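Structure below; questions to follow.
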Amino acid sequence: MMPPQDYAKVTAAIAQCAQTGQPYRLDVTHYTPDGGQFPASILGQADYDSSGRIVSLSGTLQDLSEREQARQRLEALADNSPVARSTALKAQPRPCA
């Protein structure tokens, strides 16, 4: 289960993969049965028979919660880092004299 806009992206990617064999990777929000949600990555590909015809599609859904939490922690650390603050101050443009 996912938001309608994510569902539309996934169904379009699956249809294109079924027609052309083009693999896909999409980042989406996934809903859990208990009402929760988490960031996820959906990967899919076509499976071929010996003559090169697409016979099926296979794919995975990966929970990205830990990766997202790590990214947020790193951002928070960078925001509070004296090095990051001094670098940001140095990077600001200075008026010409």
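Evaluate the following for ALA40: is it modelled with pLDDT of 90 or more and either in contact with a strand residue (DSSP E or B) (Cβ under 6 Å, 6 or more places away or on another chain) or in a strand (DSSP E or B) (or both)?
Yes; evaluated as a whole, the condition is true for this residue.
State all residues of the stretch 29-50 that are under 13 Å from SER65 (Cβ atoms) and among the aliphatic types (A, V, I, L, M); if no residue qualifies, say none.
ALA40
Looking at (1) loosely packed, with under 12 Cβ neighbours inside 10 Å; (2) farther than 16 Å from MET1 by Cα; (3) under 20 Å from the mean Cα position of the chain (by Cα), which is the one condition that is false for GLY44?
Result: GLY44 passes all but (1).
Now for a separate question. Restricting to the stretch 1-37, and then to whatever is outside any helix (DSSP H, G or I) and over 17 Å from GLN62 (Cα atoms), can you tell me which residue is nearest to the chain's Cα centre (by Cα)?
GLN22
Restricting to the stretch 52-73, name every residue that is hydroxyl-bearing (Ser, Thr, Tyr) and either at pLDDT below 95 or part of a helix (DSSP H, G or I) (or both).
SER65
The values are calculated or read from the model by the stated rules, or taken from the named source; none is laboratory data. Not measured: the values here are computed from a predicted model. Neighbour counts run over all protein chains shown; Cβ positions are idealised from the backbone, glycine included.
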